[in-house]
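Notes follow once the structure below has been shown.
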Amino acid sequence: MSTPEHIRADRYEPTAIEPRWQQRWAELGLHDTDLRDASKPKYYLLTMYDYPSGDLHIGHWYVKTPTDAIARFHRMHGENVFMPVGFDAFGLPAENAAIKNKIHPREWTQSNIDNMRRQLRSMGATFDWKSEVKTCDPGYYRWNQWLFLRFLEAGLAYRASSPVDWCPNDGTLAREQVEGADRHCWRCGARVEKRELDQWYLRITKYADELLDFSGIEWPEPIRIMQTNWIGRSEGAEVSFTTAPDDESSDRGPDGFGGDDLRVFTTRPDTLYGATFMVLAPEHHLVAKLTHPDQAAEVKAYVEAAGRETEIERMSTEREKTGVFTGSYAVNPVNGERIPIWIADYVLAGYGTGAIMAVPAHDDRDFAFARKFGLPIVRVIAGPEISDADVAVPMETAFVSHGTEERMVNSGPHTGLPAKEGFAKIVAMLEVQGKGKASVNYRIRDWLISRQRYWGTPIPVVYCDTDGIVPVPDDQLPVRLPDTVDYGGRGENPLKTDAAFVNTRCPQCGGPAWRETDTMDTFIDSSWYWFRYLSPADENAPVDRSIEARWCPVDQYTGGAEHAVMHLLYSRFFTKAMADLGMVHEREPFKRLFNQGQILGADGERMSKSHGNVQDPDKLVLRYGADTVRLFLMFMGPWDQGGPWSPTGIGGIGRFLNRVWHCALDPHGVEAGDPESGVLPAGQDTAAAEIALRTAAHRTLRVVSEEYAELRFNTMVAHLMELSNLLMRYRGTEAAGSAAWNEAVLLLLLMLAPAAPHITEELWARLAKARGEESGAGTASSIHSQPWPAVDDAAAAESEREVPVQVNGKLRDKVMVPVGIAEAELEAIVLARPKIVAALDGRVPLKVIHAGGR
RNA sequence: GGGCGAGUGGCGGAAUGGCAGACGCGCCAGCCUUAGGAGCUGGUGCCGCGUAAGCGGCGUGUCGGUUCGACCCCGACCUCGCCCACCA
């Protein structure tokens, strides 16, 4: 039984056992969650669904296999775990592939999904396949349309004309989908341009304030910060300036100048006395009206030039300031000064009111502008280091600090006040005078969802000459994507060429009408898909409210951080909007979020087919087995870290599992290559060896339990390796096969089961058989149905421990003492140690510190 | 320009105020093998002393600070990564 020949004959061969167990788990339906089963606590575990690009790469495994370990860990704790899977099946790559390969996007997508299903199953992951969702199914996108119509009724969806980011390949983009200083498309990398278009928007701005509130959800701080910055809430004041007549003698000059209300937003009302000019965005609606005839030609030229410039050029920080004087003036409401009104492209039309009061003394941009055009710079805020006599000294740079130390100067009756106090006083004064009020501004814009593409959800409205924009009635949903579309060419949306789709009847008047041919941003699909998993076949509603009530929010969500201001923000918006419309109860979608790191190619670049650095897991699985690949990915480093892919070291995981195999099946074997093998450590008898085994096993259980709960898989695996190394040390000795040994082996298998489900299941079954137990059908015989073991605190306690001794912070000695030794006794022992005596060199310690130590 | 994060052996990493380098890779030595790019055991931060067990010193990006004691906390700087970027 224990000869080396026997071991060779029955080696650990993962590829022989893994498919067998995967099939068996599937047959038993072990992971088809009964959502109506309330006998156990629910645990909704969600991992971001994938775009069906064709092949899983190692990065997909990096997200999914630890997630599966979480699922299995929670099942062993008696929870009813739901871990669904699906496909984000709409999107441009399918369309591009269709054009290139003359294949329908549906076929391309479906064959990719089939392949990815096979690959996903090879991980041994316990997905609930009966709840699978595919967003390109009419049964799914129908509800995108239904939700859109409800949003439309509620005023959360609207159509508007405005300048949009336009990608020459992908059409319109949401603001979040334009990246980098050169303003390129997030998907294809092409530089985007601005176009004025009629497009559909969702009113995410309505929820700006609520989206800033993260209380009640446990999300990583970087994501919260990114969303907070993206929403960009600024508190300040809106201030009304009145445009001035040409001369100071009348309210309105002979040319009709003056008397217009010119409103600005400022975060620094405390600097209002320092406003020495105003600046309008070139697109501001008062530009034409405020341009003095003398300046008309110059202004016209500037505005036209600004219009021709790309967003890239205008948004460059380094660029020198440009601008032009309108010839008009405005009156500063606090001191009555006439200040010139300029036009410059550093002021953005889309933020605030599209106009600013310029305070060059206290804003870097205004300072640069004033310098260039010779405009006055007046200091109105001074730090403590500036004496009253220095206030008038010309400034070399803008002073932007706004702390508690700063005081106001040159500010009429407010001079001398602390800046913070002046802020409030000036706002109050403006309100009394009707010239301003406290105000809040946001950077976030409404979500542009129109896409000029074929492979997406049709927006369910028609255009009628009589009735205008008419929503498609619910009973006509879904508006199906037609199959017979010629998408041979580029540029135009192929749907536009499909007359049978476009030409329709107005639901209201019955007259001729035209369908909207834009489709929805695919981020709509992912903004509520976790609700659909709960009732994927429901014909009456997007989500079954009674199931949602029990299962939401999602307990744990796992996926990449690249969606910080897209998917993860849209999902929160949708959840809040759906809650307000009475469709769901919860206002937050995901209670806990974990962002795993990204696995890069071996070259340190993002994995992509174009880089040629994609790592295919299938080959690794074929060679090492799924369990080894799973463990290796967990062992590489902290899960949130990721890093460049390198398979170096995967062999170490294989050796580890081999040792587990041998400990479990061949406890009495000895290693021919090791003279120490099968011999107890010097000075240890069998009883001591058994205590050592029990202690190690239960201490390992204690720490591994914590590590699973905290998703620290790399150290979890390391601790299991330590335990298996210890077992190997005792293999073949008198302690092997003892009760303590057997307990340690079983604990090792149970602890390893969530991470390496196949080998543990195999060994569990073989050990049961060896004990003569029936290991027939039924879920109870599976290791994955066992309860998570409890730590025996008495066993985990050690009787002795090693105490490090420092003198003046330097390690000088280590001493073994019984646990619980009195401090005085310990001190006596330590002070008698020769090394300590030598280190003290006759001196008496001033202070003896007993540090922490468990 | 702003925000966030990270810098530890040849490599991935461990240790978040108390023994730096757990665990693994790689490398070295030995064993076992007909053979091995298989398996097993031991060693392995750097420098110095010693035949040796061992002893001493140095060491967590740089410079300061707090502390009996700092990879860990604080300040400044350097490097790298990610996000945002003329948002008033």
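The values are calculated or read from the model by the stated rules, or taken from the named source; none is laboratory data. Quick caveat, the model's predicted, so the values are computed rather than measured. Positions of Cβ are generated from backbone atoms using ideal geometry, with glycine treated the same way; all protein chains shown enter the neighbour counts. What goes into the accessible areas is simple: the full protein's heavy atoms, side chains included, and nothing from ligands, DNA or RNA. Shrake-Rupley method; radii C 1.70, N 1.55, O 1.52, S 1.80 Å.
Please compute the per residue accessible area over the stretch A:469-551 with all protein chains in place, 1.4 Å probe, rounded to a whole number of Å². Walk me through the numbers on the way to the answer.
Working: 3720 Å² over 83 residues.
Dividing the accessible area of the stretch A:469-551 by its residue count gives 45 Å².
Within 15 Å, Cβ to Cβ, of residue A:711, how many net charges do the neighbouring residues add up to if Lys/Arg are +1 and Asp/Glu are -1?
Details: positive: A:64, A:72, A:591, A:592, A:630, A:712; negative: A:68, A:218, A:555, A:640, A:706, A:707, A:710.
Net of charged neighbours comes to -1.
Given a Förster distance of 51 angstrom, what is the FRET efficiency for residue A:400 paired with residue A:137, based on the Cβ-Cβ distance and rounded to 0.05? Could the numbers behind the result be given before it?
Working: r = 54 Å, r/R0 = 1.06.
In this case the efficiency is close to 0.40.
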message = What aspartates and glutamates does residue A:619 reach when the alpha-carbon gap must be under 16 Å and sequence neighbours fewer than 8 apart in one chain are set aside?
response = A:13, A:18, A:55, A:627
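Using a Förster distance of 60 Å, how high is the FRET efficiency between residue A:161 and residue A:20, based on the Cβ-Cβ distance and rounded to 0.05?
On the way: r = 62 Å, r/R0 = 1.03.
According to the calculation, E is roughly 0.45.
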Cα gyration tensor category, rounded, prolate or oblate, for the stretch A:699-854 with a/c compared to 1.5 = prolate
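Relative contact order, percent, of chain A when contacts are C-alpha pairs under 8 Å separated by at least 6 residues? Walk me through the intermediate numbers first.
Values: 1470 pairs, mean separation 123.1, N = 854.
The normalised contact order for chain A reaches 14 percent.
Taking 0.36 nm per residue of separation and subtracting the Cα-Cα distance, what length does fully extending residue A:641 through residue A:562 add? Could you put the intermediate results ahead of the total?
Values: separation 79, 0.36 × 79 = 28.44 nm, distance 1.35 nm.
Gain in length upon complete extension: 27.1 nm.
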inquiry  = Would any residue of the stretch A:511-547 have its amide N under 15 Å from a label point 7 Å out along Cα→Cβ of residue A:36? List them or say none.
reply    = A:535-538, A:544-547
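Past 25 Å, Cα to Cα, is the threshold; run A:100/A:496; A:100/A:194; A:42/A:591; A:100/A:134 against it and keep the listed order. All intermediate terms of the calculation are to be shown ahead of the outcome.
Details: A:100/A:496 20 Å; A:100/A:194 28 Å; A:42/A:591 13 Å; A:100/A:134 23 Å.
As for pairs spanning more than 25 Å Cα to Cα, those are A:100/A:194.
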inquiry  = Over the stretch A:115-248, what is the relative contact order in percent, taking alpha-carbon pairs closer than 8 angstrom and at least six residues apart?
reply    = 18
key: Acute angle (nearest 10 degrees) that the helix A:138-153 long axis makes with the longest principal axis of chain A, alpha-carbon atoms   = 40
key: Nearest 10 degrees, 0 to 90: helix A:364-373 Cα axis against chain A principal axis   = 30
ask   = Check residue A:244: other-chain or 5+ apart residues with amide H under 5 Å from its amide H, H built from backbone geometry?
value = A:259, A:329, A:330, A:331
Highest average packing first - A:826-837, A:101-112, A:131-142, Cβ atoms within 10 Å = A:131-142, A:101-112, A:826-837
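With a ≥ b ≥ c the root eigenvalues of the C-alpha gyration tensor of the stretch A:1-100, is it rounded (a/c under 1.5), prolate (a/b larger than b/c) or oblate? Write out the running numbers ahead of the final one.
Values: a/c = 2.76, a/b = 1.30, b/c = 2.12.
It is oblate, given that a/c is not under 1.5 and a/b is not larger than b/c.
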key: Local net charge near residue A:442, Cβ-Cβ under 10 Å (Lys/Arg +1, Asp/Glu -1)   = +2
message = What do you get for the angle between helix A:221-231 and the principal long axis of chain A? Use alpha-carbon atoms, 0 to 90 degrees, nearest ten.
response = 20
message = Run the reach check for residue A:437 against lysines, Cα to Cα strictly under 19 Å, same-chain hits fewer than 8 apart removed. What comes back?
response = A:420, A:425
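With a 1.4 Å probe and every protein chain left in place, work out the accessible area per residue of the stretch A:129-206 in Å², rounded to a whole number.
Spelled out: the 1.4 Å probe surface of the stretch A:129-206, per residue, equals 40 Å².
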query = From the Cα gyration tensor of the stretch A:582-670, with a ≥ b ≥ c the square roots of its eigenvalues, which class applies: rounded if a/c is under 1.5, or else prolate if a/b is larger than b/c, or else oblate?
reply = oblate
key: Label-point separation in nm, residue A:438 to residue A:655, each point 7 Å along Cα→Cβ   = 6.7
query = Taking only C-alpha pairs under 8 Å that are 6+ residues apart, what is the relative contact order of the stretch A:531-689 in percent?
reply = 17
query = In square angstrom, rounded to the nearest 10, how much accessible surface does residue A:636 have for a 1.4 Å probe?
reply = 70
key: Modelled FRET efficiency - R0 45 Å, residue A:846 with residue A:797, Cβ distances, 0.05 increments   = 0.85
message = Per 0.36 nm of contour for each residue apart, how much would the distance between residue A:415 and residue A:580 grow if the chain were fully extended, relative to their Cα-Cα spacing?
response = 54.6 nm
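Can you sort A:530, A:129 by solvent-accessible area, 1.4 Å probe, largest first? Before the final figure, lay out each step's value.
Working: A:530 0, A:129 50 Å².
Most to least solvent-accessible, the answer reads A:129, A:530.
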ask   = the stretch A:59-108 to the stretch A:328-407: how many Å between their Cα centroids?
value = 54
query = So how do A:504-510, A:272-278, A:533-539 stack up, highest first, on mean other-Cβ count within 10 Å?
reply = A:272-278, A:533-539, A:504-510
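In the stretch A:36-86, what percent of the accessible surface is made up of carbon and sulfur (1.4 Å probe, ligands and nucleic acids excluded)?
Values: 680 of 1290 Å².
Taking all protein chains in place, the stretch A:36-86 shows 53 percent carbon and sulfur surface.
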